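Data first, discussion second: the structure below is written as structure tokens.
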Amino acid sequence: RYWWMKGYEVLNPMGWDSFGLPAENAAIKNDEHPATYTYANIDTQYESFRRYGVSFDWSRRFHTSDPEYYRWTQWLFLKLHEKGLAYRKNSPVNWCPNDQTVLANEQVVDGACERCGAEVTKRELTQWYFRTTQYAQELLDSLDDLAPTWPSKVVNAQRNWIGRSEGAHVDFVISGDGSTEERTITVYTTRPDTIFGTTFMVVAVDSPLADELVTDAQRSDFEAYRDAVKKESDIDRLATDRPKTGVSLGVTATNPVTGAQIPVWATDYVLADYGTGAVMGVPGGDQRDWEFATAMGLPIVRTTEPPADFDGEAYAGGGRTINSPADGVAAPLDINGLDVDEAKSRTIAFLEEQGAGTGAVNFRLRDWLLSRQRYWGAPIPIVHCPVDGEVRVPEDQLPVVLPELRGADLKPKGTSPLGAATDWVNVTCPTCGGPALRDSDTMDTFVDSSWYFLRYVSPHDDTRAFDTALANAWGPVDLYVGGDEHAVLHLLYSRFFTKALRDMGLITWDEPFSAYLSQGKVLNQGRKMSKSLGNGVNLGDQLAQYGVDAVRLTLVFASPPEDNIDWADVSPGGSLKFLQRALRLAGDVTSGAGADATTGDEALRRVTHKVVHEAERLLDAHRFNVVVARTMELVNATRKAIDSGCGPADPAVREAAETVAQLLSLVAPYTAEEMWERLGHQPGIAARRWPDVDERLLVEESVTAVVQIKGKVKTRLEVAPDISEADLEAAALADPTVAALIEGETVRKVIVRAPKLVNIVL
RNA sequence: GCCGGGUUGGCGGAACGGUAUACGCGGUGGUCUCAAACACCACUGUCCGAAAGGGCGUGUGGGUUCGAAUCCCACACCCGGCACCA
């Protein structure tokens, strides 16, 4: 509303991200189609939004579950597939046993399903992925550009999630595996400088690598251990405080720097899908390796100078490196006493020289697993043909519309419900015309929401996903408002889509959301409102009791928008009283519409213009609660002017009341409109231009100067705003209160900041 | 453990390095009223004091500065992210 008044073209759209599990689960329960539930709820929400008086552009409304929309979601999938950014692979995946579907890494929170809380297990499945890791570095780098306009919380969360680390790949030659060919295992380490302390190697027990390396003699022990590990849930595996376990693979590896022979073990504390799935064990430099070495009776070599309080037993990290070679070994690399960064780069240089390793970067971010074994989502537009393999559905055959399933047909059974719709699944191959099968998985609903902001520029265009020219003209989104539960989900996926679409030439910008306003939640009595807690507040009741404007005002005034609000702490009654006060001002004005404000009371005019001026700064900074506070001050000043000042006929009073109406139109549009009409204007305050500020009125007539002695306020003086430093100093020293206090003292220094302050140092 | 953010009256919260606690809620007293509601007015950080006035005060302890809620260093606590990621 503010930007509109400032004369900008503003696109403030609203729509529904309406695929997903809740509708599907309700459909199963009620034996109906998910669309029934979905569109009924959308209608209810739409009515609510209308009632709240939100200024959305409803002409651009759409729903991601409409075929007219998901047709383009599917089209974008095909584009990503063409570019090699969508691919299938077999791999252990997160499985929610309750929702009976796979989940992306981002949807697993502390080992549990983000949606239903069930403990997530692992399954070996062939699934679709988007290659988000291809953009890992750029996704990280452009966070620097977003940092000034995004909440640090979200930027920080994404940095942690992407999790870049720098280190080295180091090659160890394996022996004792009975083969004649030389085999090399590469490990990833962030601390190549600790290589002198390597006393063993550990390989992820569930990696193919471990299976390949294990000797016949160790195989039965290894398999027993591997099977035991497989039975454990992720939650158990994630616990960092449990004892280290492992099994020897029977082979040895050669340390490429020292030539030392070290044993190779398999363990579950090394992750198969991070780095190379193998780690050099440095118990003198790494807590986990120290625990493992201690548990297995492996030797420990210090890699750092121990701290003074080192007790000789517990793990000791930190200190300077003492990575000189072991006794009696010649020194191919001497990094003794160097600081860590220098030691790392020297070690990497040495490894590269020897052909035994390279500098390397790793990311924690994994590719985005997007297939779901559920019904209520966009079907993946791929046909599997025994002859031609994965075939993209031709664009002119989009959308691939969901088959009509309902109720019990949707019950989760571990494979996609779409697979059971035989008429739908069995198709002819678009390439060879032979019999083929549709891909029966649907896309993660986060795919739908990763590009919807683009659809808003041309929501009804049935010839393309979005109009590139319009997207480039409008985009990127200047201000994105949302909750920070999407910090590493929606906000990361959308960034990935934007970069991928840019590289396809479909848009020119790099980031979807230039600024991000993270909005808080409304709590009650310190907790999230919920039925089980019985602390819900019925918004309908609040609206009925106080009115829409008072409820809106309460939400805005309670705190800065990014903070949570506790409904127990706020006062919708107080808001209503304030609105009534404001409304009464409009009725009290007796001058006619169009009265010349410049002839009005100057003191009140100063207040009015100052408030408008300050409101601009506050609105730009999203400090809406303070805008309301300033508006209240203006109402109080106007009230005073009417009752005991210049009186209701003064044009300055009209100017003030009209300004109040305009400021209020941002937050309390109905009250503002009512005021506007009472002030004798035609309806339509929302379309009024933002009031101009007269700069001359921002200069105060007189200013209160503070006189401090040694930094403590002792007295105040009313002075002219343009008083000189010398005059102000003289006035301060001449003040009787000050004179009495400095009597007999030596004034050592006087700091003058005209016209606001004098500080006298004795 | 690592990384971010925070801590201001009874409460929600204001404060370009320059009057701490704006604005509001709550509270106290008053005006109006037969009475109440509404409205309006005054007071409301804390301690000492009858008052005038003064001392102390923005999580704790230091520092920089004429001057610190604000900048710097440590610490405590709260919230959030990551986490056997080598």
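Coordinate-derived values only; no laboratory data. Everything numeric in this text was worked out from a predicted model, so none of it was measured. Using ideal geometry, Cβ is built from the backbone for each residue, glycine included, and neighbour counts are taken over all protein chains shown.
Odds and ends about this structure:
- Relative to the globular-protein estimate of 2.2 N^0.38 Å, the Cα radius of gyration of the range A:1-95 stands at 1.49.
- Placing unit charges on the Cβ atoms of the charged side chains and taking the dipole of chain A about its Cα centre, the candidate lying farthest along the positive direction among A:447, A:361, A:660 is A:660.
- Given +1 at the Cβ of Lys and Arg, -1 at the Cβ of Asp and Glu and no other charges, the dipole of chain A around its Cα centre is 1680 debye to the nearest 20.
- Cleavage-rule hits, chymotrypsin sites (Phe, Trp or Tyr not before Pro), the range A:112-188, DSSP coil, Cβ neighbours within 10 Å at most 10: none
- Links that overshoot a 32 Å alpha carbon limit, given the list A:528/A:640; A:89/A:230; A:230/A:411; A:521/A:577: A:528/A:640
- Farthest towards the positive end of the charge dipole of chain A, among the residues A:428, A:379, A:592, is the Cα of A:592, using unit charges on the Cβ of Lys, Arg, Asp and Glu.
- Overall, the range A:688-762 carries a charge dipole of about 460 debye about its Cα centre when +1 sits on the Cβ of Lys and Arg and -1 on the Cβ of Asp and Glu, all other atoms neutral.
- Positive-end residue, chain A charge dipole about Cα centroid, Cβ charges, pick of A:739, A:296, A:579: A:579
- Centre separation in Å (Cα based) which lies between the range A:498-542 and the range A:562-639: 29 Å
- Dipole in debye (nearest 20) - the range A:338-387, about Cα centre, beta carbon charges: Lys, Arg +1; Asp, Glu -1: 580 debye
- Equivalent ellipsoid, the range A:669-762 (semi-axes from 5 times Cα gyration tensor eigenvalues, Å): 47, 13, 10
- Annotation: amide H of residue A:57 within the under-5 Å range of A:12, A:14, sequence separation 5 or more or interchain, hydrogens built in the peptide plane.
- Under 5 Å, built H, 5+ apart or other chain: amide partners of residue A:251: A:215, A:264
- Viscosity 1.306 mPa s, temperature 10 °C, Stokes-Einstein D of the range A:527-657 from Kirkwood C-alpha radius, µm²/s: 96 µm²/s
- Here's how it looks for residue A:125: its modeled amide H is under 5 Å from those of A:91, A:93, which are all 5 or more places away or on a different chain.
- Residue order, fewest to most surrounding Cβ atoms within 10 angstrom, among A:120, A:264: A:120, A:264
- Candidate lysines for bridging to residue A:231, where Cα separation is under 18 Å - those fewer than 8 sequence places away on the same chain excluded: A:122, A:244
- By the Kirkwood approach, averaging reciprocal distances over each pair of separate Cα atoms, chain A gets a hydrodynamic radius of 32.1 Å.
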